[in-house]
Amino acid sequence: TIQILPPKSWDPVDKALRSISRFDWLLFTSVNGVKSFFDRIKVNGLDVRDLKGIRIATIGPKTSARLNQLGLKVDAFPEEYRAEALAEVIGEVKGSRVLLARAEEARDVLPKTLQEKGATVTIAPVYRTVKARRAAGDVKPALLAGDIDVVTFTSSSTVHGFMQHFSTRERRRMFEKARAAAIGPITAATLREYGVRPAIRAKRYTIEALADAVVKQFA
């Protein structure tokens, strides 16, 4: 339903990397952000040693694990995997300079909250998410025929990307039988915008927890 592409311009990222030492915090909200950021670090002739002294905060266990694999310590990691919780767990940021590596289009709650706390936030768009142009293979006919029991959604962008392939009438028809499973509250809220009730919710906002919730529902 979605494709991950490079940002339309690398200029904001490259500008931030040229003065990386001035930042106090480096924030990541996804594994995609980590991969793209460090790919760009190499393009600019830098490496992890240039991040010395910068504290790192992340959302999600996979994001933290990827940074650990790169030999980097994660200083702040919220129990709840959403932007609001990340802003809270970082704590006092007044006067701090924060670099946020994220998708080109994302919710503004994290930078706004940090700015309200007195931080100077620089947004570095390291990738963008776009809707896939076509529905994959025979998925659409199978959904409309009622052959699919559950549809899993792992982000708001997957919801938007999925829904574009169906009319309002088709959505109503397919979700009379199929159940929608959402990875977290933001994704669930996006489903409701399309008139779809999230019948299955993960207890933790991970793909593993989502899979467990689906299994429990159908066991």
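Below is a table of values for the structure above.
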quantity: Residue list for the range 87-105, filter: crowded, with 19+ Cβ neighbours inside 10 Å and in contact with a Leu (Cβ under 9 Å, 6 or more places away or on another chain); calculated: ALA87, ILE90, VAL93, VAL98, LEU99, LEU100, ALA101, ARG102
quantity: Subset of the range 106-119 that is touching a residue at least 24 places away in the same chain (Cβ under 8 Å) and surrounded by 14 or more Cβ atoms within 10 Å (Cβ to Cβ) - its residue that is nearest to ILE186 (Cα to Cα); calculated: ARG107
quantity: Leading residue by the ranking (surrounded by the most Cβ atoms within 10 Å (Cβ to Cβ)) among those in the range 169-194 that are of a type outside the set (D, E, K, R) and touching a strand residue (DSSP E or B) at 6+ places or on another chain (Cβ under 6 Å); calculated: ALA182
quantity: Extreme residue, least open to solvent (accessible area, probe 1.4 Å), among residues of the range 1-56 that are under 29 Å from GLY161 (Cβ atoms) and among the charged types (D, E, K, R); calculated: ASP14
quantity: Among the residues listed as THR152, THR158, the single one being touching a strand residue (DSSP E or B) at 6+ places or on another chain (Cβ under 8 Å), open to solvent by 60 Å² or more (accessible area, probe 1.4 Å), of a type outside the set (A, V, I, L, M) and not in a loop (DSSP other than H, G, I, E, B); calculated: THR152
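The values are calculated or read from the model by the stated rules, or taken from the named source; none is laboratory data. Everything quoted here is computed from the prediction, not taken from an experiment. We place every Cβ from the backbone using ideal geometry, glycine too, and count neighbours over all the protein chains shown. Just so you know, the surface numbers come from the protein's heavy atoms only, side chains and all, with ligands and any DNA or RNA stripped out. Shrake-Rupley method; radii C 1.70, N 1.55, O 1.52, S 1.80 Å.
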